Structures are given as C-alpha cells and as structure tokens.
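Values in this text are rule-based calculations from the coordinates and carry no lab data. Here the structure is a predicted model, which is why all the values come from computation and not from measurement.
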Amino acid sequence: MMPKEIKPIKRSAALAPLSREHHDGLLFVWKIKEGIKKEIELQRLIRFGEWFWKEDLYNHFEKEEAVLSKVLKDHPMFLQMLAEHTILRKLFNNIHLANNYKDLESLAQILNDHIRFEERQLFNEAEKLASPEELLEILELLKEEKSCGFWEDEFWSKE
C-alpha cells in the first residue's frame, strides 16, 4: 500500500501572509535543532532565539491576535491559540535562563506544534467562518509584510 500523499494546504490570500511568517518560525525550529545537533555553544543559540523573538515572533503574535479576533472571538481554537501564545511569550522572554540544549529543544518543539495547530486547524476554521468582507479586512490589515531580517551567525550551516 502506498503512503497517503500529503497535499499542501491552500491558504486564502487574507491569511497567506501569516502562513509565510510561519515558514520563518519553522525555519527557526530547524536551525535550533541543527545547532543542538552540531553542539553549537548554548549562548549563541540563545542570542539567536532572543533576536528571532524580537525581530519576528513577537510582532507575528500581535498580528495574529488582532486579525483572528475579528473572526473567531471566543472560539475554543482562538482561546487555545491565546493560551499557547502566553506560554511561548514566557519561554522566549526567559530564553536567557536556558541551562542546556533540552530547554531550547523543548521551546522549539512547542513552537513547532503551535505552528502546526494554527496551519492545520485554526486557519482552516477562520477561513470557514469568515465572511468575504472579514477576509478582505484581514487582507488589508496584513498587506504590510516584512521579513524577519538576516541573522549573520549561520551556526546551522557550519560543520
């Protein structure tokens, strides 16, 4: 029996900017895991995590909460997103306290699982429940996209 083919999720134009930012989050997860595999100095990984939080993830959370509240308000999935954002905010705000690779690996896994939840469940629900007018409003709010920038210490690619 052939394995079931996983097809990419077709995202509405309104939420596509958030999905593209999720790609940056998944790259962060991969880079942290690569750094751990290569036994990169813990402080270098922590500095990268602090930078990623400040330059990308903090603003991403703010945008998600603002635009998705318009559609999902008190929906259980929206409340789960908020709870997970709270956990991740605390982890990133305290990343400087990480004592070992396991702490960073845990943070990376929680972020990975959170992004997968949003992509596979939350965004689908938002697209299903949103009116065309709400999607248009979200599209307008998210049209100012910015990349998270460039981190010069490419520890993940060094042998």
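What is the angle, in °, between the Cα long axis of helix 42-52 and the longest principal axis of the Cα atoms in the chain? Nearest 10 is fine, range 0 to 90.
20 degrees
On a C-alpha basis, how far is the centre of region 112-132 from the centre of region 16-84 in Å? Whole number, if you could?
Centre-to-centre (Cα) distance: 15 Å.
Taking Lys33 as the anchor, which aspartates and glutamates have their alpha carbon closer than 12 Å to its alpha carbon, excluding any fewer than eight residues away along the same chain?
Straight-line reach from Lys33, under 12 Å: Asp103, Glu105.
What do you get for the angle between helix 101-117 and the principal long axis of the chain? Use alpha-carbon atoms, 0 to 90 degrees, nearest ten.
In the chain, helix 101-117 runs at an angle near 10 degrees to the longest axis.
If one takes the longest principal axis of the Cα atoms in the chain, at what angle in degrees, from 0 to 90 and to the nearest 10, does the Cα axis of helix 58-72 lie?
Tilt relative to the chain: about 20 degrees.
Which whole-number percentage describes the relative contact order of the chain, with Cα contacts under 8 Å and a sequence gap of 6 or more?
45 percent
With θ set to phi - 60° and the Karplus curve 6.51 cos²θ - 1.76 cosθ + 1.60, what are the ³J(HN,Hα) couplings of region 88-97 in order, to the nearest whole Hz, using x for Gly and Pro?
After applying 6.51 cos²θ - 1.76 cosθ + 1.60, I find 5, 4, 5, 5, 6, 5, 10, 4, 5, 8 Hz.
Along each of its three principal axes, how wide is the spread of alpha-carbon positions in the chain, in whole angstrom units, largest first?
Over the chain, Cα extents along the principal axes are 49, 45, 28 Å.
Name the aspartates and glutamates eligible as straight-distance cross-link partners of Lys128: C-alpha to C-alpha under 20 Å, and not fewer than 8 places from it in the same chain.
Lys128 reaches Glu64, Glu65, Asp74, Glu118, Glu119, Glu137, Glu140.
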